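Worksheet: the structure to be examined is printed underneath.
Every read-out reported here was derived from the displayed coordinates using simple, explicitly stated rules and does not represent laboratory data. Nothing here was measured: the structure is a model prediction, and the numbers come from that model. No Cβ is skipped: glycine too gets one built from the backbone with ideal geometry, and neighbour counts run over all protein chains shown.
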């Protein structure tokens, strides 16, 4: 009977969302930043909140991480009410903000030790955790060098390692790769994936890089003018907007001119000898297009397929914030 009760408790624990938000509102004076936000984020996923600058992404993170208070709404993080149980929420989360929290005058090892001491881990446990994180984030060789000497990518890895000292269930990553070069950004992406796959951590990601959200997120919500305008997986969001088309470049001006009248092109470029034809780029669409060109004896030099991406979704569904 006790074993059944234990299994039931575990099942209920897994069923509790990492974040549950209903009717979240926040205003500054007469300006309403968040206007009735609803979110339900399951545990163990990468969730990304996207929106224009000033849309309220950072405000949302600050409310969920107990840094500021909401004006209204029911908000639970890691199963705890952010208003009545803020200490329990803070014990369950980690926050890595847009700007590094690393102390440049301390070494990487000293930064991690300081965090372990602040969390009262105890000397032996704290030192073991520091060694583990230095190795995991490839910082062992630079552990005793001042953080001021670290590259941008190393500082971001150290910053995230400091967040992990307390083994949080949920991590807020607020624009974590801003300013990083492409190689460092991709290294950070792999670290984020590993946190979810190996540690079971839930990630709440905000980013200005739509490619980053497309690459990492299991689920995305779009925030615009204080409200959520769309939610879903990256593929589900892409299916919400039109815009798929095929661009055909021709080998000679004669073929190009004849193709314009036969293909139903929506646009064309005389200098580049290209036409744009509407279509999702599926096998049947491409075969039909090639058969039509072959029937009229028109030679093709190049053909490319464009499907809607998150840039298209972002531009179609979001608006500039009101001032």
Could you list 268, 306, 296, 120 so that the one with the fewest beta carbons within 10 Å of its beta carbon is first and the one with the most is last? 120, 296, 306, 268
Listed residues 226, 108, 244, most fluctuating in the chain (Gaussian network, C-alpha, under 10 Å): 244
Measuring from label point to label point, each 7 Å out along Cα→Cβ, what is the residue 87 to residue 125 span in nm? 1.7 nm
On Cα atoms only, tilt of 108-118 relative to the major axis of the chain in degrees: 60 degrees
With the alpha-carbon atoms as the only input, what is the per residue convex hull volume for the stretch 245-307 in Å³? 70 Å³
Residues 202, 107, 285, 266 in order from fewest to most other beta-carbon atoms within 10 Å are 266, 285, 107, 202
Tell me, what is the FRET efficiency for residue 276 and residue 25 to the nearest 0.05, using R0 = 45 angstrom and their Cβ-Cβ distance as r? 0.55
If each residue of separation counts as 0.36 nm, what is the full-extension length gain between residue 261 and residue 194 once their alpha-carbon separation is subtracted? 18.9 nm
For 209, 256, 28, which order do you get if you count the other beta carbons within 10 Å of each Cβ and list the fewest first? 28, 209, 256
Figure the gain on full extension for residue 149 and residue 118 (residue separation times 0.36 nm, minus the Cα-Cα span) and round it to one decimal in nm. 8.7 nm
Highest-MSF residue in the chain out of 312, 117, 252 [GNM, Cα springs under 10 Å]: 252
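What's the FRET efficiency of residue 285 with residue 38 using the Cβ-Cβ distance as r and R₀ = 35 Å, to the nearest 0.05? All intermediate terms of the calculation are to be shown ahead of the outcome.
Details: r = 38 Å, r/R0 = 1.07.
After rounding, the FRET efficiency stands at 0.40.
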At 222 nm, what helix-only mean residue ellipticity would the chain give, in deg cm²/dmol to the nearest 500, using -39500 (n - 2.57) for each DSSP H run of four or more? -12000 deg cm²/dmol
In nm, to one decimal, how far is the residue 315 label point from the residue 132 one, both placed 7 Å along Cα→Cβ? 4.7 nm
Helix axis angle, 253-263 relative to the chain longest principal axis, alpha carbon, degrees: 80 degrees
Helix 182-199 versus the longest principal axis of the chain: what is the Cα-based angle in degrees, 0 to 90, to the nearest 10? 60 degrees
Could you check the simple spin-label distance between residue 110 and residue 300, using points 7 Å along Cα→Cβ, in nm with one decimal? 6.4 nm
